[in-house]
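Working notes, structure below.
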Amino acid sequence: MTDDERRRRWRLVLGGPAEEALGAAEGRDARMDAALAALYDGEGDGEQGRRTARSAGLGGSAPRVARWLGDIREYFPSTVVQVMQQDAIERLDLTRLMLEPEMLDAIEPDVHMVGTLLSLNRVMPATTKDAARQVVRKVVDELEQRISQKTRAAVTGALNRAARINRPKLTDIDWDRTIRANLKHYQAEHRTVIPERLIGYGRRTTAVHRDVVLCVDQSGSMAASVVFSGVFAAVLASMRSLKTSLVVFDTAVVDLTDQLADPVEVLFGTQLGGGTDINRAIGYSRQLITRPRDSIFVLISDLYEGGVREQMLRRVAEMTAAGVQVVVLLALSDEGAPAYDHENAAALAALGVPAFACTPDAFPDLMAAAIERRDLMAFAARSTGT
């Protein structure tokens, strides 16, 4: 990198205060600098205005914000645009402007934007809902393309491995498990294992092999998790070998299972915000579990319980004792380490129930591990690096 290019980049990073030392931004750089200043510097007239701390620079004008959204899409890559949009909503309190169709036409759709729209669902005017659905539909379609193939492959493979048979064809032998099961028959003089029992992969059938219940906390802090959970639930529901249910909750519980054919309808069926009654949600979800040893219960929540904590833990203990594979995800998103109730997470871990954050890319492998009834505590440790 040349010295001139280095100075140019530092000028864009530092903004107006660096103008005296690094020179004024010109041409395209000047327009990029203006877009950044509108968000991170704020309003001000003249050189002195650009050098002092000021209030936000986008104001409350929807047309002005829409033009700014168009500018940043022109000057910055989509990943940067998404960050700037989120910063604009948080720093400049632009949430109410998201209710205007011209704003929705200008934004770069992403998971965070969908979360914001879903939180406004109850106050969204009819004139905005069509545009909002188009934004949500675009994000959902992109997420389905990202996760569908891997999820189907991981789940199908796990179901086939879980349905083991003891007289497999040569091509169906699971050599790893066969060797492990026959290590006691190791022949030292021949330096080999003579297997008395072969373990193989079962063939896929159209029967339902597992019941899956996703129970999702829809409090405001879980917005991204709600979006990913809705899409994953729709993908799992499309697989005949699984019976998938989706339950969302705050202080009330809503069963969205009958809407899983369309993940957009699922997401608009949620009501982000409000309190949290995990105990009540678990109580409802238990009614959906009729085959405990063939069931997987996934609770997606930050565990800040507003209901009866002791009963919540007792219900989880009863589910695990009955043979249900229980998993608690503190978040299902790409947002990094979440805030969560450490005391409740520790109490669940004491019951043998892993509680950890999971990225969308790791979720298919998690479901595969649960289907095969592998050690999910070990899976959680690998996923979190602990």
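Using a Cα-Cα cut-off of under 14 Å, which aspartates and glutamates could be cross-linked to Lys184, ignoring same-chain neighbours fewer than 8 residues away? List returned: Glu196. A straight Cα-to-Cα reach below 17 Å connects Lys138 with the aspartates and glutamates Glu102, Asp105, Glu108, Asp110, Asp130, Asp262, Glu265, residues fewer than 8 places away in its own chain not being considered. Each peptide in 275-287, 21-33 was scored by the mean count of other Cβ atoms within 10 Å over its residues; highest first, the order is 275-287, 21-33. If you take the Cα centroid of region 76-153 and the Cα centroid of region 220-236, the two points sit 14 Å apart.
Scanning residues 5 or more positions from Asp211 or on other chains, those with amide H under 5 Å from its amide H are Lys243, Ser295, Ile296, with H placed 1.01 Å from N in the peptide plane.
Once the mean of 1/r is taken over each pair of separate Cα atoms and inverted, region 109-250 shows a Kirkwood hydrodynamic radius of 18.7 Å. Once the dipole of region 204-280 is set up with Lys and Arg at +1 and Asp and Glu at -1 on Cβ about the Cα centre, which of Ser219, Ala237, Leu256 lies farthest towards its positive end? Working it through, the farthest residue towards the positive pole turns out to be Ala237. Near Tyr304, the amide H atoms lying under 5 Å from its own belong to Asp341; only residues 5 or more places off or on other chains count, and H is placed 1.01 Å from N. Average 1/r across all pairs of distinct alpha carbons in region 228-386, invert it, and you get the Kirkwood radius: 16.0 Å.
All of the numbers you see were taken from the coordinates with simple rules; none came from a lab. The model shown is predicted, which means the values in this text are computed figures rather than measured ones. Reconstructed Cβ throughout: ideal geometry from the backbone, glycine too, with neighbour counts over all protein chains shown.
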